[in-house]
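Visitor: Mind having a look at this structure? Questions to follow.
The values are calculated or read from the model by the stated rules, or taken from the named source; none is laboratory data. Keep in mind that what you see is a predicted model, and the values were worked out from it rather than measured. Note that we place each Cβ from the backbone using ideal geometry, even for glycine, and neighbour counts take in every protein chain shown.
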Ligand code: PMP
């Protein structure tokens, strides 16, 4: 029997597998362009070749080094966080979110979430018995600091922020975070920086002055390693110690750790790919703005949020999918009932999406 607290629980809406879409829409898998998962379109075969040359030396019969020393060293160099005991590698940012909930959530404890945002904050908090306090963002999607700080009480265990935020694309403001930190002396403040490389804005430095600040990052986005499942937490020594109480001993694969180290030692490649994506993002945004019937939001990430003024998002979503372009329909998310999100992909894929969207919006919307 599933535990009582999961009776009315709404699980994470997992991204539909490509074979399922292909079956449903009568397409070949190769005809489908995924622009719904916010991953990088660039696959670094150079890193995979390097991994291949090392593969036969990897002792997969042994458990990984439980301190993930080589990975911690590479993360330390990349982030300039000198103290290894402030770095915790995790099996993707999602595991980071999970273990923070595990370590800090009391049964029935409150979790303040600046919404709309990444739904796994809610999911993980609920799984761990937390009570969600949603604080709606302002009209321009900025965090509502007044509401957030007044929602924080002695019952609050965790506050979740996202920088830049998925799916709205805007960053957390420095002054806003300081205000939240100053009002959260008894709770953990998580800033999810999954898309950090696209904005270049980080709050890592503040982990030196605020013990309760937890930064969660991933190699799934800018590094193009979503399948390898590597992320990391940066926090204070004290909070890292608390998280280490619950961290599973062996959740990262030895092979993925090797690949992550190779990637972290080749930041130049990551920088080049990020620059290409940012250039495409700005080009896409300009072109989207010329299409009638849309409102397009600025973005500091690798995706763009837009609002349809006449069409139902699900109609646009289906029409694009029929032609093999898959984006994210957000109409079931409160405050985003008229919105869609598209991941920046390769120029030719972006062009196909833009052309199809323009054509669809010239038709009369179904009544
Ligand atoms: N945080 C945010 C804000 C995300 O958008 C995602 C992926 N969609 C994740 C975390 C999950 O990252 P990972 O693949 O490292 O688990």
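Visitor: Check segment 100-112 and report whether any residue there is modelled with pLDDT under 95 and more than 18 Å from the chain's Cα centre (by Cα).
Guide: Within segment 100-112, one or more residues are modelled with pLDDT under 95 and more than 18 Å from the chain's Cα centre (by Cα).
Visitor: Does residue 133 meet the test of being assigned to a strand (DSSP E or B) and buried (at least 22 other Cβ atoms within 10 Å of the Cβ)?
Guide: Here the answer is no, as residue 133 does not meet what is asked.
Visitor: Right, here's the next one. Which is within 16 Å of the ligand (Cβ to nearest atom) and not assigned by TED's automatic domain parsing to the domain that holds residue 249, of 37, 79?
Guide: After ruling out the rest, the residue left standing is 37.
Visitor: Which residue, of 103, 93, is closer than 15 Å to residue 214 by Cβ and either surrounded by fewer than 21 Cβ atoms within 10 Å (Cβ to Cβ) or not assigned by TED's automatic domain parsing to the domain that holds residue 230 (or both)?
Guide: Values: 93 fails: either surrounded by fewer than 21 Cβ atoms within 10 Å (Cβ to Cβ) or not assigned by TED's automatic domain parsing to the domain that holds residue 230 (or both).
Answer to the check: 103.
Visitor: Working carefully through the options 219, 181, find the one that is farther than 21 Å from residue 74 by Cβ, touching a strand residue (DSSP E or B) at 6+ places or on another chain (Cβ under 8 Å) and either surrounded by 22 or more Cβ atoms within 10 Å (Cβ to Cβ) or modelled with pLDDT of 95 or more (or both).
Guide: On the way: 219 fails: farther than 21 Å from residue 74 by Cβ.
Just one listed residue meets the conditions, 181.
Visitor: Let me ask you something else. Collect the residues in segment 225-269 that are within 16 Å of residue 38 (Cβ to Cβ) and either away from the ligand (no atom under 16 Å from the Cβ) or surrounded by fewer than 21 Cβ atoms within 10 Å (Cβ to Cβ) (or both), keeping them in residue-number order.
Guide: The answer is 226, 227, 229.
Visitor: When you look at residue 156, is it away from the ligand (no atom under 14 Å from the Cβ) and either more than 30 Å from residue 58 (Cβ to Cβ) or at pLDDT below 95 (or both), yes or no?
Guide: Yes.
Visitor: Somewhere in segment 173-180, is a residue closer than 25 Å to residue 38 by Cα, away from the ligand (no atom under 16 Å from the Cβ) and not in a helix (DSSP H, G or I)?
Guide: Among the residues of segment 173-180, at least one is closer than 25 Å to residue 38 by Cα, away from the ligand (no atom under 16 Å from the Cβ) and not in a helix (DSSP H, G or I), which makes the answer yes.
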